[in-house]
Ligand code: ADP
Ligand code: MG
């Protein structure tokens with residue numbers, strides 16, 4: 001966070017804290033309090049939805065678990081607030097884990113269904129388990145004592161305010177740490193995450209559990225705020241509201257979560273009062289018109305694109321004056337708003353405004369000027385040992401009837417560059433996918449440093465020392481170049497959630513060391529000046545180099561490069577060749593798939609040739625090039 005953001009947040013909190021001083025109307029105080037409580041929940045939900053890109057329809061259920069943990073502990077045991085608060089968080093996080101462990105094995109619509117079912121079951125359980133929850137009767141609470149003082153409406157408001165501030169700091173720290181990078185990475189490219197040693201499944205669950213913790217905190221505060229809880233609050237409509245808040249406010253922003261919370265708290269009130277609805281819809285139409293004018297004049301978007309939202313909001317405003325009674329139209333208006341957001345505000349309100357002002361969301365810190373003095377330590381030299389680093393025997397990979405790899409033997413000598421060539425579709429990329437655990441071979445054995453890789457997960461194989469790049473570049477697009485490399489350095493972190501939340505010396509040390517090395521690696525692949533650029537904005541050639549930098553961050557023994565020169569310009573290829581040589585000089589073994597024959601011939605020590613999944617030749621580059629079968633294979637498909 002830069003200075004300006006911190007300052008803005010501080011001012012925001014001072015204003016929030018002063019609300020009960022300016023107005024003594026308990027209705028307004030309670031309204032703002034509810035917004036803050038929802039915001040805490042949305043901070044957590046955004047980790048799952050915005051960062052890991054998973055849909056959860058179970059968060060109203062988790063919110064209910066938090067509220068009922070507090071309610072039951074209060075009602076049955078008379079436990080004090082300072083016990084109830086952490087227990088609510090812990091219990092809800094535990095339920096989050098119980099939900100996440102099976103649910104996150106699936107994704108997309110299946111995940112939505114599983115989490116929806118969870119929410120429904122929780123609501124039914126709360127209703128039915130009367131011996132614990134008092135069933136439909138609900139539980140009454142009173143405002144708690146804190147350090148011997150009974151809190152009133154106003155002082156409890158400040159407790160909520162403080163909890164919001166605390167949540168903001170913790171969420172911010174988590175998202176800026178290696179944990180947050182893992183969450184973002186698995187959304188950007190799951191396959192690349194796994195191949196960087198960041199287990200997609202593990203971090204999805206981790207994100208969900210943290211998120212559930214925040215839902216628990218929010219639920220607990222809600223119970224004390226309302227002083228009464230009953231099962232029907234925590235229904236599926238609320239869950240949809242939470243999702244809408246994230247999408248409307250804008251994902252991956254805390255301001256968006258606050259804005260979203262404000263909208264979902266005020267929306268039902270708005271749709272209850274016709275006069276207010278008229279005023280707000282007219283205001284919205286005017287805002288939309290001004291916004292569109294600005295956007296079009298700044299050439300952010302076209303007149304055509306803005307026509308529908310401008311006319312739509314104007315029509316809504318006109319319609320509001322025709323209405324006699326709003327209650328019949330509530331659901332339709334609600335539905336229209338969802339449609340509007342989905343079509344026109346995909347980045348939410350915060351994202352839209354940022355886009356309008358063309359603010360950059362990333363890269364507040366400039367690392368470009370950093371110079372890494374000690375380049376030698378940036379790449380960890382590979383180990384030495386027995387001669388064959390990798391031995392594959394009779395590898396068979398079958399897709400239905402197609403034998404993409406057909407009984408291939410592969411011996412990769414330590415410290416060499418081993419070329420893998422062959423016409424398109426001959427099985428080269430499939431071989432890499434088999435070596436990195438993306439596919440499990442149908443038959444055959446593969447041993448890396450004397451240990452079998454068959455059947456192990458991609459992240460496990462990656463951590464044992466095999467790094468790779470991808471034929472179709474797999475970067476984490478929304479993350480900066482530096483953050484991409486930092487994901488590769490994930491294995492250098494021992495610190496966990498608590499370290500990150502408290503910024504312990506251990507975490508600070510690890511983060512500083514990783515950043516330093518990441519910058520060094522960027523310099524090594526010639527991208528030092530682009531450290532703070534989003535990966536998706538890099539030119540194609542640079543993206544390929546960034547993938548190599550990220551792979552090196554894993555400290556691999558073996559580096560697999562799948563057509564690294566594809567799409568590169570001639571000077572870039574020269575640079576690439578120099579980089580690959582330097583990598584080999586550190587003792588790292590390289591398997592290189594490449595179509596540029598001059599590259600293959602100039603740097604490979606050994607070359608294997610595949611054709612229709614079979615190995616048809618192997619040897620020194622010059623011998624292979626002269627081999628009749630090889631010439632035939634190439635002339636048969638493409639002229640090489
Ligand atoms: P190369 O990288 O040498 O161009 P590939 O390894 O990508 O070739 O593909 C080899 C063959 O395997 C192709 O015929 C391709 O269509 C097939 N193949 C690759 N992956 C799959 C898959 N997941 N399912 C079915 N067929 C596949
Ligand atoms: Mg390929």
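Just so it is clear, none of the values below were taken in a lab; they were calculated from the coordinates. Bear in mind the structure is a predicted one, so any value in this text is a computation, not a measurement. Note that each Cβ is placed from the backbone with ideal geometry, even for glycine, and that neighbours are counted across all protein chains shown.
Relative to the current alpha-carbon distance between residue 143 and residue 286, full extension at 0.36 nm per residue lengthens the span by 47.2 nm. A simple spin-label model places the labels of residue 536 and residue 307 2.7 nm from each other, with each point 7 Å out along Cα-to-Cβ. Name all residues of segment 46-83 having a backbone nitrogen under 15 Å from the label point set 7 Å from the Cα of residue 498 along its Cα→Cβ direction, giving them as ranges. No residues fall inside that zone.
Please report, to two decimal places, log10 I(q)/I(0) for segment 149-201 at q = 0.20 Å⁻¹ as given by the Debye formula with identical point scatterers on the Cα atoms and no solvent. Rounded to two decimals, the profile gives -0.70.
The largest-to-smallest principal axis extents of the Cα set in the chain are 88, 59, 54 Å. In terms of its C-alpha gyration tensor, segment 81-235 has an oblate overall shape, because the principal axis ratio a/c (a ≥ b ≥ c, square roots of the eigenvalues) is not below 1.5 and a/b does not outweigh b/c. Note on segment 145-243: Kirkwood radius taken over Cα pairs, Stokes-Einstein applied at 4 °C and 1.567 mPa s, translational D equal to 80 µm² s⁻¹.
Under 14 Å from a point 7 Å along the Cα-to-Cβ line of residue 575: which residues of segment 526-558 have their amide N that close? Output list for this probe position: 526-531, 538-549. Between residue 97 and residue 582, the contour length at 0.36 nm per residue exceeds the alpha carbon distance by 170.1 nm. Extension gain for residue 512 to residue 232 (0.36 nm times residue separation, less C-alpha to C-alpha distance): 96.0 nm.
Placing R0 at 60 angstrom, the Cβ-Cβ distance between residue 30 and residue 460 gives a FRET efficiency of 0.70 after rounding to 0.05.
The reciprocal of the average 1/r between distinct C-alpha atoms defines the Kirkwood hydrodynamic radius, which for segment 432-523 equals 15.4 Å. On a per residue basis, the convex hull of the C-alpha atoms belonging to segment 261-318 measures out at 83 Å³.
Mean residue ellipticity, 222 nm, helices only, the chain: the sum of -39500 (n - 2.57) across DSSP H runs of n ≥ 4, divided by residue count and rounded to 500, is -18500 deg cm²/dmol.
With Cα atoms as the point set, segment 383-424 shows a radius of gyration and Dmax of 13.2, 41 Å. Given a Förster radius of 56 Å and the C-beta distance between residue 155 and residue 315 as r, what FRET efficiency does 1/(1 + (r/R0)^6) yield to the nearest 0.05? Computed FRET efficiency for residue 155 and residue 315: 0.75. Modelled spin labels at residue 416 and residue 23, positioned 7 Å past Cα toward Cβ, are 7.7 nm from each other.
Label sites at residue 623 and residue 334, each approximated as a point 7 angstrom past Cα along Cα to Cβ, lie 7.5 nm apart. For segment 1-92, the spherically averaged projection of the C-alpha convex hull amounts to 8.3 nm². Among rounded, prolate and oblate, which fits segment 513-583 when a ≥ b ≥ c are the square roots of the eigenvalues of its C-alpha gyration tensor, a/c under 1.5 means rounded, and a/b larger than b/c means prolate? It comes out oblate by the Cα gyration axes. Extents of segment 178-298, largest first, come to 56, 51, 20 Å (Cα atoms, principal axes, whole angstrom).
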